[in-house]
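To start, the structure itself, in structure tokens.
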Amino acid sequence: MSWSRRLSDATGVYFGAGDGAESGPFLARIAIARLPGGGVAIDYEATSREQGLQHVEHSLLVAGPDGNDQLFIAHSESPHVTVMAERVAGSGRFEQVVADGPFTMEVRIEVPHEGELVYAWWWAMAGDTPTEQSRATVALARPAE
């Protein structure tokens with residue numbers, strides 16, 4: 001099953017903790033909502049006591065024309081939308097389609113258990129292999145109505 005369909009069955013607000021080489025410890029809030037016509041919107045915020053609001057993103061996860069999911073991310077670290085695609089259907093690994101900056105980026109999504117979501121950012125300098133920099137593990141706190 002595609003991630004856009006899987007997450008459309010798991011809408012609601014998720015809360016949890018995160019950590020990473022780049023981010024350090026943080027609290028995460030991820031809201032998932034169905035989109036008209038299929039797919040989901042993902043709103044993600046990471047905060048910490050030391051840094052306050054350290055990351056904000058609004059993403060659309062939808063089926064692409066080739067049948068594989070695409071992830072369109074507007075986030076606080078970039079002045080433009082980052083387009084990512086799942087090269088292997090159902091893998092949960094979304095790779096940057098066009099390297100248009102100093103970094104090569106990926107987002108990885110997992111659902112280890114019902115009501116739990118893992119959302120991880122991987123990146124490296126352009127040309128290098130991305131490594132995990134930030135990972136949030138969140139649990140469903142309020143299902144969508």
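The values are calculated or read from the model by the stated rules, or taken from the named source; none is laboratory data. Just so it is clear, the structure is predicted and the values come from calculations on it, not from any experiment. For neighbour counting, all protein chains shown are included, and Cβ atoms are generated from backbone atoms with ideal geometry for every residue, glycine included.
So, of the residues in the range 92-117 that are of a type in the set (A, V, I, L, M) and farther than 17 Å from D69 by Cα, which turns out to be surrounded by the most Cβ atoms within 10 Å (Cβ to Cβ)?
Step one: list which residues in the range 92-117 are of a type in the set (A, V, I, L, M), which gives 97-99, 105, 107, 109, 111, 117.
With the extra rule that they be farther than 17 Å from D69 by Cα, the set shrinks to 99, 117.
Numbers: A99: 12, L117: 23.
Checking each candidate, the answer is L117.
Within the bounds of the range 25-34, is there any residue that is modelled with pLDDT under 95, out of contact with any helix residue (DSSP H, G or I) (no Cβ under 6 Å at 6 or more places or on another chain) and not basic (K, R)?
Filtering the range 25-34 down to residues modelled with pLDDT under 95 leaves none.
No, the conditions are met nowhere in the range 25-34.
Being in contact with a Leu (Cβ under 7 Å, 6 or more places away or on another chain) and closer than 14 Å to A28 by Cβ is the filter here, so list the residues in the range 110-145 that pass it.
Matches in the range 110-145: V138 only.
Restricting the search to the range 48-91, which residues are aliphatic (A, V, I, L, M) and outside any strand (DSSP E or B)?
Narrowing the range 48-91 to residues aliphatic (A, V, I, L, M): 53, 56, 60-63, 71, 73-74, 81, 83-85, 88-89.
Selection gives V81, V88, A89.
Only one of S23, S59 is within 22 Å of M105 (Cα to Cα), hydroxyl-bearing (S, T, Y), crowded, with 16+ Cβ neighbours inside 10 Å and in contact with a Ser or Thr (Cβ under 6 Å, 6 or more places away or on another chain). Can you tell me which?
On the way: S59 fails: in contact with a Ser or Thr (Cβ under 6 Å, 6 or more places away or on another chain).
Checking each option against the conditions leaves just S23.
From the list G18, G38, which one is touching a strand residue (DSSP E or B) at 6+ places or on another chain (Cβ under 9 Å) and either over 19 Å from R135 (Cβ atoms) or surrounded by fewer than 16 Cβ atoms within 10 Å (Cβ to Cβ) (or both)?
Numbers: G18 fails: either over 19 Å from R135 (Cβ atoms) or surrounded by fewer than 16 Cβ atoms within 10 Å (Cβ to Cβ) (or both).
None of the others qualify; the one that does is G38.
When you scan the range 92-134 for strands (runs of 3 or more DSSP E) that lie fully inside it, which ones turn up with 3 or more residues that are more than 17 Å from I73 (Cα to Cα)?
On the way: elements: 93-96, 103-110, 116-125.
Filter on the range 92-134 gives 116-125.
With respect to the numbered conditions (1) modelled with pLDDT of 95 or more; (2) over 23 Å from L35 (Cα atoms), which one is the sole condition not fulfilled by F72?
Failed condition: (2).
Quick one: would you say A46 is surrounded by 15 or more Cβ atoms within 10 Å (Cβ to Cβ), at pLDDT 95 or above and in contact with a Lys or Arg (Cβ under 6 Å, 6 or more places away or on another chain)? Steps first, answer last, please.
On the way: surrounded by 15 or more Cβ atoms within 10 Å (Cβ to Cβ): yes; at pLDDT 95 or above: yes; in contact with a Lys or Arg (Cβ under 6 Å, 6 or more places away or on another chain): no.
No: the conditions fail for A46.
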